[in-house]
Amino acid sequence: MHILIIEDESEIADTLKIYLEKQGYAVDICYDGNAGFSSLKLNQYDCCLLDLNLPGKDGMEIIHNIRELGNMVPTIMLTARSQIYDKLDGFKHGADDYITKPFHLAEVSARIEAVIRRFSDNKHTQLTLAQYEIIPHQNRVIGDNKTIELSTKEMRLLEYLVRNQNRIISAEELLEHVWDDSVDIFSDTVKTHIKTLRRKIDPNKILIKTVKGKGYGVL
């Protein structure tokens with residue numbers, strides 16, 4: 001899943017990025033509101049962590065403007081403000097959740113998982129695919145009396161496919177949501193990871209379908 005952090009305190013932003021990347025997320029950072037707003041317009045994200053007090057556009061202005069554009073990316077506001085009216089104002093502008101600084105990194109990760117699940121086609125906490133139980137935080141799938149270890153990127157790819165079950169997903173969309181903005185869009189990254197994922201859990205190509213010229217899907 002692809003996360004955007006818009007936070008001008010570099011120590012907070014960089015710490016969040018390191019932690020979330022260890023959890024398997026692809027993470028981009030913008031350190032001011034104008035750059036963050038531009039990134040939200042240009043890219044597809046699964047969640048945005050948005051500080052309220054930003055140089056350039058502030059957080060309230062960003063969330064209000066992207067909602068006006070029809071961008072419904074799940075957004076969690078990060079702020080030192082604790083007054084109830086600030087929280088209510090954030091929700092009124094279109095925020096989906098709210099975390100007050102200082103916060104625990106594990107709580108941020110849990111909130112991200114919750115809002116992504118809420119906005120995905122598959123809202124189940126427990127993910128399954130045929131005979132397999134998928135355990136994202138452990139990078140494991142269990143089934144047929146065995147446990148299969150996946151790489152972090154393979155797990156995020158599988159999770160995105162399963163949470164968007166019954167539709168074809170283009171390679172471009174997978175790049176947007178599973179990799180960060182440093183990925184080479186002209187590479188065979190998606191094809192390579194699909195191949196290794198199949199080798200581990202779907203050698204007969206029954207579970208993950210390829211639709212030539214369109215993409216991949218769990219159908």
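Throughout, read-outs are computed from the coordinates displayed, never taken from laboratory work. Predicted, not measured: the structure shown is a model, and the values here were computed from it. Counting neighbours? That spans all protein chains shown, and the Cβs are built from the backbone with ideal geometry, glycine included.
Structural remarks
- Nearby lysines by direct alpha-carbon distance to LYS214 (threshold 21 angstrom, same-chain neighbours under 8 apart not counted): LYS191, LYS195, LYS205
- Of GLY24, GLY143, GLY33, the one that fluctuates the most in a GNM where the chain has Cα springs shorter than 10 Å: GLY143
- The angle separating the long axis of helix 84-93 from the principal Cα axis of greatest extent in the chain is about 60 degrees.
- Classified by the C-alpha gyration tensor, segment 42-142 has a prolate form. Its axis ratio a/c, with a ≥ b ≥ c, is 1.5 or above, and a/b is larger than b/c.
- Size-normalised alpha-carbon gyration radius of segment 104-219, reference 2.2 N^0.38 Å: 1.05
- Degrees between helix 59-68 axis and first principal axis of the chain (Cα, 0 to 90, nearest 10): 60 degrees
- Environment charge at ALA106 (Cβ cut-off 13 Å; Lys +1, Arg +1, Asp -1, Glu -1): 0
- DSSP bridge orientation in segment 32-148 - percent antiparallel, rounded to nearest 5: 55 percent
- Structure remark: mean-square fluctuation, Gaussian network model of the chain, C-alpha springs under 10 Å; the largest value among ASN145, ASN43, ASN71 belongs to ASN145.
- Whichever lysines have a C-alpha closer than 18 Å to that of LYS17, once near sequence neighbours (fewer than 8 apart) are set aside: LYS101, LYS153
- Rounded to whole Å, sorted largest first: equivalent-ellipsoid semi-axes of the chain, Cα gyration tensor: 32, 18, 15
- Debye intensity ratio I(q)/I(0), log10, segment 109-169, q values 0.24 Å⁻¹ (C-alpha model): -1.08
- Computed from Cα positions, the angle between helix 10-22 and the longest principal axis of the chain comes to roughly 20 degrees.
- Summing charges over neighbours of ALA171, with a neighbour being any other residue whose Cβ is under 11 Å away from its Cβ, gives -2 when K and R count +1 and D and E count -1.
- DSSP beta bridges in the chain [antiparallel fraction, %, rounded to 5]: 45 percent
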